[in-house]
Amino acid sequence: QEYFRGCSAELGSGGGGGGGGGLRCLGLPAPLDVEMVLLHVKRGDESQFLLETTGSTSIEDLTLAVTRIYNGRLKVQRVCAEMEMLAEHGILLPPNMQGLTDEQIEELKLKDEWAEKCIPSGGSVFKKDETGRRNGHAPNEKMKQVLKATIDEAKALISKKQVQANVCVNMDMVKDALDQLHGAVMIVYPMGLPPYDPIRMEFEDKECLSGTHAALEVIEEPEAQLWWAAKELKRTNHLSDYVGKNEKTKIIVKIQKKGQGAPAREPVISNEEHKQMMLYYYKRQEELKVSAVTEIYTVYS
């Protein structure tokens, strides 16, 4: 696929003599004698994924790798969202029929020519799409579960919860998620989907996001910047220029678009730690109140 072209070599030229060349960013094993730097990638204050690389990796290659994984995860999420609607309400109506009532379609003598070509395996069950986007001829329950189970698996593969589980995400995992989703669609719709269906367009890398909220989330590779500790990681440098030679380390890296300025610094304590502190002080305050009341009662009793 065009979307993944060049990924297999994007970190191979990591520069320097580190030997690992950032191969772990692509899911490839690094040499045994190469220690890894663990990156916790965020967008704003929101965790995205963990990524392993080496200090010898160039910031240029690292930025491309992080951006492709970041955008790839967004792509998986968009496909999953549309496939959930596909499972519930069938294929997308032709653009000139979307949003029209049955009466308007009949009055304008419009016909969905793809409805007869794109029939789900095992037949369809009619479930009207109240938004008027899809034709309502949904897959039967068995095929619906094929789609939904695959959606859940793909979401789990690139989930932000992988950060909590200390599992790194790479482009191989993103591609696996997309391949699984594509396979499920082909099982349920062996004749394929209409060329204007956003799911098919995503698989063919022809998606049109112009004017959508999704377009605001995507970061184009030339516009991407990485920041760490309020410092922009310059593409002309290497990661070791910032983290030193000690590669047994973990850093929080933030990705954003050029021109947005330095992202907010990470808090000294995490939100969870802050909650625990507030809870402790609240309980302590309540204990002191009870103690004070007890002392007063003892004095006057």
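No lab work stands behind these numbers, since they all come straight from the coordinates. Just so you know, these numbers come straight off a predicted model, no measurement behind them. Cβ placement follows ideal geometry from the backbone for every residue including glycine, while neighbour counts extend to all protein chains displayed.
Note on Arg133 and Glu116: the model spin-label points, each 7 Å out from Cα along the C-beta direction, lie 2.7 nm apart.
Return the loop-located GluC sites (Glu not before Pro) in the range 129-188 (DSSP other than H, G, I, E, B) with at most 11 other Cβ atoms within 10 Å of their own Cβ; answer none if there are none.
Numbers: sites: Glu130, Glu141, Glu153; in loops: Glu130.
Sites meeting the loop and neighbour criteria: Glu130.
Computing FRET efficiency as 1/(1 + (r/R0)^6) for Val125 and Glu217, where r is the C-beta to C-beta distance and R0 is 35 Å, gives about 0.55. Would you tally the net charge around Ile105, using a Cβ to Cβ cut-off of less than 9 Å, leaving Ile105 out, and scoring K and R as +1, D and E as -1? With Lys, Arg at +1 and Asp, Glu at -1, the neighbours total -3.
Quick one: of Lys75/Lys245; Lys128/Lys257; Lys75/Lys254; Lys160/Lys250; Lys42/Lys142, which pairs are farther than 29 Å apart, Cα to Cα? The partial results should precede the final answer.
Details: Lys75/Lys245 35 Å; Lys128/Lys257 40 Å; Lys75/Lys254 19 Å; Lys160/Lys250 17 Å; Lys42/Lys142 38 Å.
From the list (Lys75/Lys245; Lys128/Lys257; Lys75/Lys254; Lys160/Lys250; Lys42/Lys142), the Cα-Cα distance tops 29 Å for Lys75/Lys245; Lys128/Lys257; Lys42/Lys142.
Distances between placed amide hydrogens fall under 5 Å for His137 paired with Ile91, Lys127, all partners being 5 or more residues away or on another chain. You can think of it this way: the chain between Lys289 and Glu88 has 66.7 nm of extra reach, that is 0.36 nm per residue less the Cα-Cα gap.
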